[in-house]
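Here's the structure we're looking at; comments come further down.
No lab work stands behind these numbers, since they all come straight from the coordinates. Keep in mind that this is a model prediction, so the values were computed, not measured. So basically every Cβ, Gly included, is an ideal-geometry build from the backbone, and we count neighbours across all protein chains shown.
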Amino acid sequence: MNCLLADADESVLVLLDLQPAVLKAIPGSDALVARSAFLLRVAQELGIPVVQSEQNPNGLGKTDERLQSLLRGPAKVEKTTFSAAGCPAFVAALEATRRRQIVVTGIETHICVAQTLCELAEKGYETFACVDAIGARSPDRHAAGLDRLRGAGVALSHSESVVYEWLRESTHPRFRDVLRIVKET
């Protein structure tokens, strides 16, 4: 089995259902949001497209304010399906990027994250779950979701690992700008 590396020219960052109504039930949600914000800032610095989903925003609210304040014109999709990949508007937003790697942050690991990444992997996308930027309401649910993702061939990675894979080398023209963001987090 080959080790999958994130490629800035092929990646799309997906912020999956990071809404306060659910986040408040997730242990460590502040850290999860901070790691998602870190990836969002770097993606924007590197010109990586961002697709944001909201699960039933009329009932669960909009994306967490800490992330909304950083968002600059990403594709935002409202959904009622647990798998974002089952939402035609989400699939259209991904296809519009013409990219084949999906890097996901969000909640919950064993439900929306797992269903979305498993479906996208089945559709031929290269999929990444940033383990420090996804979460569930309990450790056993999170662990079950990670096991399922691992079994489906989803690359489990740390957000900082993804960022350094996007950069590839210290001579990258945006390295110093990204390093500033790394040092702030």
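Say we join alpha carbon atoms closer than 10 Å with springs in a Gaussian network model of the chain; which of Arg99, Arg41, Arg174 then has the biggest fluctuation? Largest GNM mean-square fluctuation: Arg174.
In a reduced charge model with +1 at each Lys and Arg Cβ and -1 at each Asp and Glu Cβ, the range 11-184 shows a dipole moment near 300 debye about its Cα centre.
Post the alpha-carbon centroid distance, the range 16-46 to the range 131-185, in whole angstrom. Centre-to-centre (Cα) distance: 12 Å. For the chain, lysine pairs with C-alpha atoms less than 24 angstrom apart, excluding pairs fewer than eight positions apart on the same chain, total 7. Answer rounded, prolate or oblate for the range 11-184, using the Cα gyration tensor with square roots of eigenvalues a ≥ b ≥ c: rounded when a/c is under 1.5, else prolate when a/b is larger than b/c, else oblate. It is rounded, given that a/c, with a ≥ b ≥ c, falls under 1.5. For the range 131-185, a simple Cβ point-charge model (Lys and Arg +1, Asp and Glu -1, everything else neutral) yields a dipole of about 100 debye relative to the Cα centre. Taking Val154, Val91, Val42 as the candidate residues, the one with maximal mean-square fluctuation in a Gaussian network model of the chain, Cα springs under 10 Å, is Val91. For the range 54-150, the calculated P(r) over all alpha carbon pairs, in 5 Å bins from 0 to the bin holding the longest distance, is 2, 13, 22, 26, 22, 12, 3, 0 percent. Run lengths n ≥ 4 of DSSP H only: what is the helix-derived mean residue ellipticity at 222 nm for the chain, with -39500 (n - 2.57) per run over all residues, to the nearest 500? It comes out at -12500 deg cm²/dmol, rounded to the nearest 500.
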